[in-house]
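Engineer: Below is one structure. I have some questions about it.
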Amino acid sequence: MTDYSISAWIVRDLPLAQGVSALASAGFASVELSADQCPLVQEWERDPVGLCTRLEGAGLTVPSIHCPQPGRFLDAADENARLDAVVANLRYLERMALCGVDEIVIHPTGAGGGADVAPEDSRARTLLSLQTLAARAGELGLRLAVENIGFKPGRPDSDMASLLTIIDGLGDHVGLCLDIGHTEIAGLDMVEELTIGLESGKLFTLHLHDVLPSGKDHVIPGEGRVDFTPFLAALNAAKFSGGRTLEIAPGKGDVAARLAQVSDVKRCWEVHQL
């Protein structure tokens with residue numbers, strides 16, 4: 001059966017014990033650690049082995065980690081800021097090696113900049129940063145999944161083809177994370193992007209969430225405008241065996257109720273083999 005992970009982001013506002021209990025009670029077997037403000041993630045930063053052991057005791061494995069907020073500026077024009085971002089990710093790699101988590105999702109850009117920032121310059125800085133991270137990840141036996149986060153076609157981080165040019169030559173342990181909400185916002189075809197990722201042999205993992213008509217993303221599938229059926233059908237026709245993480249923002253109201261909604265989506269997709 002296909003295994004869908006849940007991002008820890010959804011329990012960002014819960015104390016540690018409540019967050020672990022809420023995730024386990026929702027019927028998920030695996031969690032991607034994400035959101036620096038989340039007590040669960042903060043505990044992992046403090047004691048990675050202890051937190052993973054605690055999660056295992058609750059029936060939860062950790063297949064992947066999301067890069068920390070300070071690590072999302074790999075394209076920064078200021079060299080000190082770029083190096084700070086690299087170091088933040090390197091620290092996560094060291095923690096991952098301690099607790100047996102194999103994969104980290106990396107944001108290749110995030111520094112922003114105005115119209116005067118040339119895409120090729122941003123790309124060069126991202127590549128320089130990724131070269132350092134790829135080298136250390138290779139030494140530790142870890143994988144990097146570089147995520148599409150650009151909301152405008154033409155940015156170096158916006159689509160699978162652009163990311164493939166950036167990671168080319170960095171090693172078999174460096175691949176892609178396809179975030180379909182970001183793909184939707186960028187106005188790209190999700191199935192076409194999926195096909196590019198699959199045919200490259202570099203698609204490691206997926207981030208799944210819906211997008212409201214307003215453009216707000218990271219909402220529960222079914223709440224927004226995304227038609228998931230063609231995407232999931234193509235995914236399963238290809239027998240994709242990589243990660244599938246439901247990356248849902250906390251939202252307002254009761255977290256347990258929101259988790260129950262996400263769990264319903266998970267069960268529906270599993271029953272229909274999506």
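Engineer: Please go through (1) of a type in the set (S, T, N, Q); (2) at pLDDT 95 or above; (3) in a loop (DSSP other than H, G, I, E, B) for THR109 and return the number of the only condition it doesn't satisfy.
Structural biologist: Unmet for THR109, out of (1) of a type in the set (S, T, N, Q); (2) at pLDDT 95 or above; (3) in a loop (DSSP other than H, G, I, E, B): (2).
Engineer: Under 13 Å from the mean Cα position of the chain (by Cα), under 30 Å from GLU120 (Cα atoms), crowded, with 20+ Cβ neighbours inside 10 Å and among the small types (Gly, Ala, Ser) - does that describe any residue in region 57-69?
Structural biologist: Yes, region 57-69 has at least one match.
Engineer: Could you list, in sequence order, the residues of region 262-274 that are crowded, with 16+ Cβ neighbours inside 10 Å and more than 20 Å from VAL62 (Cα to Cα)? So that I can check it myself, show each step before the final result.
Structural biologist: Step one: filter region 262-274 for residues crowded, with 16+ Cβ neighbours inside 10 Å, giving 262-263, 265-266, 269, 274.
Result: VAL265, TRP269, LEU274.
Engineer: May I pose another question? With the checklist (1) part of a loop (DSSP other than H, G, I, E, B); (2) in contact (Cβ under 8 Å) with a residue 40 or more places away in the chain; (3) among the hydrophobic types (A, V, I, L, M, F, W, C) in hand, flag the one item ALA134 doesn't pass.
Structural biologist: (1)
Engineer: Follow-up question, since we're still on this one. Considering each of LYS216, LYS202 in turn, give the residue that is of a type in the set (Lys, Arg) and free of Cβ contacts under 8 Å to residues at least 12 places away in the same chain. Before you say what the answer is, go through the steps one by one.
Structural biologist: Numbers: LYS202 fails: free of Cβ contacts under 8 Å to residues at least 12 places away in the same chain.
So the residue among LYS216, LYS202 that is of a type in the set (Lys, Arg) and free of Cβ contacts under 8 Å to residues at least 12 places away in the same chain is LYS216.
Engineer: Of all residues in region 85-99, count the ones that are more than 18 Å from the chain's Cα centre (by Cα) and surrounded by fewer than 15 Cβ atoms within 10 Å (Cβ to Cβ).
Structural biologist: So in region 85-99, the residues more than 18 Å from the chain's Cα centre (by Cα) come out as 87, 94, 97-99.
The next check asks that each one be surrounded by fewer than 15 Cβ atoms within 10 Å (Cβ to Cβ); those that pass are 87, 94, 98.
The total comes to 3.
The values are calculated or read from the model by the stated rules, or taken from the named source; none is laboratory data. Bear in mind the structure is a predicted one, so any value in this text is a computation, not a measurement. Glycine gets a Cβ as well: all are built from the backbone with ideal geometry, and neighbour counts include every protein chain shown.
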